[in-house]
1. Considering only residues that are under 18 Å from residue 14 (Cβ atoms), outside any loop (DSSP other than H, G, I, E, B), touching a residue at least 12 places away in the same chain (Cβ under 8 Å) and not small (Gly, Ala, Ser), which ones fall in the stretch 50-94?
2. Tally the residues that are hydroxyl-bearing (Ser, Thr, Tyr) and either free of Cβ contacts under 8 Å to residues at least 40 places away in the same chain or not in a loop (DSSP other than H, G, I, E, B) (or both), restricting the search to the stretch 29-42.
3. Just to be sure before I move on: is residue 45 among the polar types (S, T, N, Q) and either modelled with pLDDT of 90 or more or part of a helix (DSSP H, G or I) (or both) in the structure I sent?
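The values are calculated or read from the model by the stated rules, or taken from the named source; none is laboratory data. Computed from a predicted structure; not experimentally measured. FYI the Cβ positions are ideal-geometry reconstructions off the backbone, even for glycines, and counts take in every protein chain you see.
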Amino acid sequence: MSSASEMQKNRIIVELRAFIKKLLQEPGILENSLAIAKRHSDGSNDPKAWAAIANEISATTSVHIPEDPAEHSDADKLFLAVLREVVGEEKALY
């Protein structure tokens, strides 16, 4: 594995670790984020809905997700993907 690849992998791990720590320190973030995602999406990958979700999460929690998906970090992308998956699974049950 190249040095650049190792550095990228390490950067992602550090970023995800910091994000998970923030979620553990502020458990309300998860509840609020899930409620926001449920209000704006059916679990589909509608870019406008997910931009609105990212904006509202940023406005109402200590998590900052850039509005432009091109600026999303790996942690942002993973968090939004997992939210989308959870909302989609819950909507499929009903």
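1. Passing the criteria: 74, 76, 78, 79.
2. Of the residues in the stretch 29-42, 1 are hydroxyl-bearing (Ser, Thr, Tyr) and either free of Cβ contacts under 8 Å to residues at least 40 places away in the same chain or not in a loop (DSSP other than H, G, I, E, B) (or both).
3. Judged against the criteria, residue 45 is not a match.
One line per residue, one yes/no per condition, for (1) polar (S, T, N, Q); (2) in contact with a helix residue (DSSP H, G or I) (Cβ under 8 Å, 6 or more places away or on another chain); (3) loosely packed, with under 15 Cβ neighbours inside 10 Å:
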residue: 57; (1), (2), (3): no, yes, no
residue: 62; (1), (2), (3): yes, yes, yes
residue: 67; (1), (2), (3): no, yes, yes
residue: 80; (1), (2), (3): no, yes, no
residue: 84; (1), (2), (3): no, yes, no
